[in-house]
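The values are calculated or read from the model by the stated rules, or taken from the named source; none is laboratory data. All figures in this text were calculated on a predicted structure; none of them were measured in a lab. FYI the Cβ positions are ideal-geometry reconstructions off the backbone, even for glycines, and counts take in every protein chain you see. We work out accessible area using only protein heavy atoms, side chains counted, and drop any ligands, DNA or RNA first. Shrake-Rupley method; radii C 1.70, N 1.55, O 1.52, S 1.80 Å.
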Amino acid sequence: MDNAHTPPFAGLAPDAILDAVESLGLRASGSLLALNSYENRVYQVGLDDEAPLVAKFYRPERWSDEAILEEHAFSLQLAEREIPAVPPLVFDGRTLHSHGGFRFALFARRGGRVPELDRDETLQWVGRFLGRIHAVGRTEAYRHRPTLDIQSFGREPVDFLLNGRLLPPELEEVYRGVAEQALQGVARCFERAGAVAQLRLHGDCHVGNLLWTDAGPHFVDFDDSRTGPAVQDLWMLLSGDRAEQSRQLGEVLAGYEDFCEFDLRELNLLEGLRTLRLMHYSAWLARRWHDPAFPAAFPWFGAQRYWEEQILSLREQIALMDEPPLWSC
């Protein structure tokens, strides 16, 4: 994989981070802590006589300003309705700022722990939270952010991997054939679901982006927010065998439907969306390989064993996509 590109965050040294924060009229104490993020760069920044803030520096060229501002507007709408998302802070009427060639936003620091998703009451609480988010998400449409579909999350990533000759040569044709079968399976999932509603989503609704406090859950990092079916924000919360996932789904939906109706036809999409994520994730890692953070964090990517496991996972998904949905629709 090509490491010849200029790293995207070259030049984002500690002094540049602190200077960016102080450009908004704040006084940084000099305390700086890098937080877990790969797509962007995120830091906890200490302030003089104030609580620390979180500074998020956006990956260059990933989103347009308009797309970032749409995501900001969505999270601000949620906060206005007292839905516990974490919106960007507003300085001089703006949420998106620029300094030293980098775009950035500041957020209040919100802690929390991983939710106990093995508990029914926790699943119902998270379901209510998602129902409230989606009820707001339905009220407007994104204009500048993408839609989760087979082309962008499946076909294009597979083509990128194969055209870039990123697989071991002896596995290329095997992957090509399995990926094509998988894409056909995804298409059947979408056909069975029919014309389901599309809305603004969190988009990357896994437990790493869901923090729990004594007051309940809150979501962080709406950076992958996009248009798509509601079930995209539900399926990543499920784990275990089929029976366990069915139980978990029932608890989530019991809370969800207190605030937002759920179209059960969308359950036909669950395994198809899981399959698309597998393909998209591999291409995402490959596209980011020139960023030094990625080889350090994902040293196993690209090895023969990785691709063998991906092929096996896709084969398993091909079988799962032809099974009935978790609940009958």
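Exactly one of these conditions fails for H202: (1) part of a loop (DSSP other than H, G, I, E, B); (2) farther than 30 Å from E70 by Cβ. Give me its number.
Only one criterion in (1) part of a loop (DSSP other than H, G, I, E, B); (2) farther than 30 Å from E70 by Cβ is unmet by H202, namely (2).
Out of segment 128-144, which residues are within 13 Å of E70 (Cβ to Cβ) and crowded, with 18+ Cβ neighbours inside 10 Å?
Passing the criteria: G137, Y142.
Answer with yes or no whether L32 is out of contact with any helix residue (DSSP H, G or I) (no Cβ under 6 Å at 6 or more places or on another chain) and modelled with pLDDT of 95 or more.
Considered against the rule, which asks whether it is out of contact with any helix residue (DSSP H, G or I) (no Cβ under 6 Å at 6 or more places or on another chain) and modelled with pLDDT of 95 or more, L32 comes out as no.
Here is a list of conditions, (1) closer than 18 Å to E323 by Cβ; (2) assigned to a helix (DSSP H, G or I), and G240 meets all of them except one; can you say which number that is?
Looking at each condition in turn, G240 falls short on (2).
Can you tell me which residue within segment 1-58, out of those that are among the small types (G, A, S) and in contact with a Gly (Cβ under 8 Å, 6 or more places away or on another chain), is surrounded by the most Cβ atoms within 10 Å (Cβ to Cβ)?
Filtering segment 1-58 for residues that are among the small types (G, A, S) and in contact with a Gly (Cβ under 8 Å, 6 or more places away or on another chain), the one surrounded by the most Cβ atoms within 10 Å (Cβ to Cβ) comes out as A20.
So is L106 in contact (Cβ under 8 Å) with a residue 12 or more places away in the chain, closer than 18 Å to P229 by Cβ, in contact with a helix residue (DSSP H, G or I) (Cβ under 9 Å, 6 or more places away or on another chain) and hydrophobic (A, V, I, L, M, F, W, C) or not?
No, not satisfied.
Among A283, A254, which is touching a residue at least 24 places away in the same chain (Cβ under 8 Å), small (G, A, S), surrounded by 14 or more Cβ atoms within 10 Å (Cβ to Cβ) and under 21 Å from H134 (Cα atoms)?
A254
Pairs only if they're at least six apart or on different chains, beta carbon under 7 angstrom, first in segment 18-42 and among the β-branched types (V, I, T), second surrounded by fewer than 17 Cβ atoms within 10 Å (Cβ to Cβ); list them, first residue then second.
Close Cβ pairs satisfying both conditions: V42/L35.
Among the strands (runs of 3 or more DSSP E) lying completely within segment 38-112, list those that include at least 1 residues that are aromatic (F, W, Y), under 27 Å from G216 (Cβ atoms) and within 20 Å of the chain's Cα centre (by Cα).
41-47, 102-108
Evaluate segment 213-228: report whether one residue or more is touching a Cys at 6+ places or on another chain (Cβ under 8 Å), at pLDDT below 95 and surrounded by 15 or more Cβ atoms within 10 Å (Cβ to Cβ).
Within segment 213-228, one or more residues are touching a Cys at 6+ places or on another chain (Cβ under 8 Å), at pLDDT below 95 and surrounded by 15 or more Cβ atoms within 10 Å (Cβ to Cβ).
Since A187 meets every condition but one in (1) closer than 30 Å to Q304 by Cα; (2) at pLDDT below 95; (3) open to solvent by less than 50 Å² (accessible area, probe 1.4 Å), which condition does it not meet?
So A187 meets the others, but not (2).
Which of the following residues is of a type outside the set (S, T, N, Q), loosely packed, with under 15 Cβ neighbours inside 10 Å, at pLDDT 95 or above and more than 30 Å from L12 (Cα to Cα): D159, D149, D118?
Of D159, D149, D118, the one residue that is of a type outside the set (S, T, N, Q), loosely packed, with under 15 Cβ neighbours inside 10 Å, at pLDDT 95 or above and more than 30 Å from L12 (Cα to Cα) is D159.
Do we have V207 as open to solvent by 40 Å² or more (accessible area, probe 1.4 Å) and touching a residue at least 24 places away in the same chain (Cβ under 8 Å) here?
yes
Residue check: is W125 closer than 23 Å to H202 by Cβ, open to solvent by 30 Å² or more (accessible area, probe 1.4 Å) and part of a loop (DSSP other than H, G, I, E, B)?
For W125, the condition - closer than 23 Å to H202 by Cβ, open to solvent by 30 Å² or more (accessible area, probe 1.4 Å) and part of a loop (DSSP other than H, G, I, E, B) - is not met.
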